[in-house]
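What follows is a short report on a single structure.
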Amino acid sequence: MVPCKKNIALIGMPGCGKSTVGKRLARLMKCPFVDIDKLIKKAAGKSIPRIFAEDGEEAFRRLETEILGKEAVKSGVVIATGGGVVTRVENLDILRQNCLIVYLKRCLAELATKGRPLSGSVGIEALAKQRLPLYEAWSDYNVHVDKSPQEIALQILKAME
């Protein structure tokens, strides 16, 4: 078992499994789990699609960066970031302070788009073109999401040994 000193931040396309894998990884490591999107919804008092519709993407991204900053300074936390966390360069500085960044790679055809404003409006392919190079550049470790969430969590743990 790897002790929880550094955070593990999961990045990847919307719907790739960051929250699902993150929960399992946190359970295995006996560490707290933080879902940035859930914290954004709680702080805003509304759903992410509603934030996008009423306040716009820029307002959402500002809130995302603010919340990420508060969570990433903690120690021993598994963090599921939002898929667009890589669209603001300041988020890389926040994550680099105390996080191992793990990129969850999933086949684009397998990504869920329901309830995801940009995946539905902009399209998965357009998002991928913009974000995939950033996920690669930001990550310390990449894992293909081609197994069960439990197996992926175990694979991440093994890579940290």
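The values are calculated or read from the model by the stated rules, or taken from the named source; none is laboratory data. No experiment lies behind these values; they were computed from the predicted model shown. Positions of Cβ are backbone-derived with ideal geometry, glycine not excepted, and every protein chain shown enters the neighbour counts. Only protein heavy atoms, including side chains, enter the accessible area calculation; ligands, DNA and RNA are left aside. Shrake-Rupley method; radii C 1.70, N 1.55, O 1.52, S 1.80 Å.
The residues in the stretch 139-151 that are out of contact with any Lys or Arg (no Cβ under 7 Å at 6 or more places or on another chain), of a type outside the set (Lys, Arg) and either open to solvent by 50 Å² or more (accessible area, probe 1.4 Å) or farther than 23 Å from residue 96 by Cβ (or both) can be counted, and the count is 5. For residue 37, the test of being without any contact (Cβ under 8 Å) to a residue 12 or more places away in the chain, closer than 25 Å to residue 133 by Cβ and out of contact with any strand residue (DSSP E or B) (no Cβ under 7 Å at 6 or more places or on another chain) is failed.
Conditions (1) within 22 Å of residue 15 (Cβ to Cβ); (2) touching a helix residue (DSSP H, G or I) at 6+ places or on another chain (Cβ under 9 Å); (3) modelled with pLDDT of 95 or more; (4) part of a helix (DSSP H, G or I), marked per residue:
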| residue | (1), (2), (3), (4) |
| --- | --- |
| 50 | yes, yes, no, yes |
| 53 | yes, yes, no, yes |
| 62 | no, no, yes, yes |
| 67 | yes, yes, yes, yes |
| 70 | no, yes, yes, yes |
| 79 | yes, yes, yes, no |
| 82 | yes, yes, no, no |
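Would the stretch 87-106 turn up any residue that is among the hydroxyl-bearing types (Ser, Thr, Tyr) and crowded, with 21+ Cβ neighbours inside 10 Å? Within the stretch 87-106, one or more residues are among the hydroxyl-bearing types (Ser, Thr, Tyr) and crowded, with 21+ Cβ neighbours inside 10 Å.
Here the stretch 25-47 is the region considered, the condition is being of a type in the set (Lys, Arg) and more than 27 Å from residue 60 (Cβ to Cβ), and the residue that is surrounded by the most Cβ atoms within 10 Å (Cβ to Cβ) is 27.
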